[in-house]
Amino acid sequence: MSSSPPAAAGARAFLIKICGVTTAEDAAFASGAGAGAIGINFWPGSKRFVGEEARAAEVVAAISPGVLKVGVFVNAPVAQVLAVADRMGLDRIQLHGDEQAGDFASIPGARLVRAVRVSDRASFDGAAPWHASWFLYDAFVTGYGGGGVVAPWALVDAHARRPFLLAGGLTPENVAQAVLATRPDGVDVASGVERAPGRKDPARVLAFIRAARAAAATL
């Protein structure tokens, strides 16, 4: 898959992002199984934080060619974000905190993924100032994602700004329903395919990818 932003789901281009990957083994399996993007968490507050740069580099190196490498950051200074992204060779920078669009104006929008935590209609106002390759709509939780809470699909379907990925409590069991309910350009999963925080379950990863892809093919 190319590194250009995905087209609308109706055009049958659909991105499946496996996030919170912490090992080279999991990165290799997920990208080889058909994921279009692998997310690596650089936020120290996450259960899926990849702390050592050498370890992060191993994860990045294990990602199959053509699969997007996405770094997840929360409220980190712009200079730090760019330094990590450049050293790691990241294709996308996902901002999952309370960052302000103006602070990141120097980064091309094509390189950004902006997460929006959805609790009500007003939540979508936060997307307005951003020029991003995708928006990622997640459930509003205490903290910054990865808690397995399902996003409000009806709100996302009614108010989402495209192109967008749907996140929040997705699993192999509910991802098809979520795709049909919201018609996203892709889906993002972390805890829903794990056997422990940061450790993916290969069977669940594969089942998730297959279910998401089958549902997207019907849009």
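The values are calculated or read from the model by the stated rules, or taken from the named source; none is laboratory data. Values in this document were obtained by computation on a predicted structure and should not be read as measured data. As a convention, Cβ positions derive from the backbone with ideal geometry for all residues, glycine included, and neighbour counts pool all protein chains shown.
For the range 170-196, which residues satisfy the criterion of being surrounded by fewer than 18 Cβ atoms within 10 Å (Cβ to Cβ) and under 15 Å from the mean Cα position of the chain (by Cα)? Result: THR171, single match. Remark: ASP138 matches the filter, which requires a residue to be under 22 Å from GLN100 (Cβ atoms), within 17 Å of the chain's Cα centre (by Cα) and free of Cβ contacts under 8 Å to residues at least 60 places away in the same chain. Within the range 36-54, how many residues turn out to be out of contact with any Phe, Trp or Tyr (no Cβ under 9 Å at 6 or more places or on another chain) and in contact (Cβ under 8 Å) with a residue 24 or more places away in the chain? Summing the residues that are out of contact with any Phe, Trp or Tyr (no Cβ under 9 Å at 6 or more places or on another chain) and in contact (Cβ under 8 Å) with a residue 24 or more places away in the chain in the range 36-54 gives 7.
Please specify each residue of the range 31-54 satisfying the condition of being over 16 Å from the mean Cα position of the chain (by Cα) and under 19 Å from VAL187 (Cβ atoms). Spell out the reasoning first.
Pass one, the range 31-54, residues over 16 Å from the mean Cα position of the chain (by Cα): 32-33, 44-45, 51-54.
Answer for the range 31-54, where residues must be over 16 Å from the mean Cα position of the chain (by Cα) and under 19 Å from VAL187 (Cβ atoms): GLY32, ALA33.
Scanning the range 126-135 turns up one or more residues that are over 19 Å from VAL50 (Cβ atoms), modelled with pLDDT under 95, within 13 Å of the chain's Cα centre (by Cα) and surrounded by fewer than 24 Cβ atoms within 10 Å (Cβ to Cβ). Does the range 176-194 include one or more residues that are assigned to a loop (DSSP other than H, G, I, E, B) and without any contact (Cβ under 8 Å) to a residue 24 or more places away in the chain? No, the range 176-194 contains no residue that is assigned to a loop (DSSP other than H, G, I, E, B) and without any contact (Cβ under 8 Å) to a residue 24 or more places away in the chain.
Of all residues in the range 19-38 being of a type in the set (A, V, I, L, M, F, W, C) and part of a loop (DSSP other than H, G, I, E, B), which is surrounded by the most Cβ atoms within 10 Å (Cβ to Cβ)? Don't jump to the end; show me each part of the working.
From the range 19-38, those of a type in the set (A, V, I, L, M, F, W, C) are 19, 21, 24, 27-30, 33, 35, 37-38; that's our starting set.
Restricting the remaining residues to those that are part of a loop (DSSP other than H, G, I, E, B) gives 19, 21, 33, 35.
On the way: CYS19: 26, VAL21: 31, ALA33: 16, ALA35: 28.
Ranking the qualifying residues of the range 19-38, first place goes to VAL21.
Taking ILE107 as the residue in question, decide whether it is modelled with pLDDT of 95 or more, at negative phi and among the hydrophobic types (A, V, I, L, M, F, W, C). Considered against the rule, which asks whether it is modelled with pLDDT of 95 or more, at negative phi and among the hydrophobic types (A, V, I, L, M, F, W, C), ILE107 comes out as no.
Would you check if there is a residue in the range 154-172 being polar (S, T, N, Q) and in a helix (DSSP H, G or I)? No: the range 154-172 contains no residue that is polar (S, T, N, Q) and in a helix (DSSP H, G or I).
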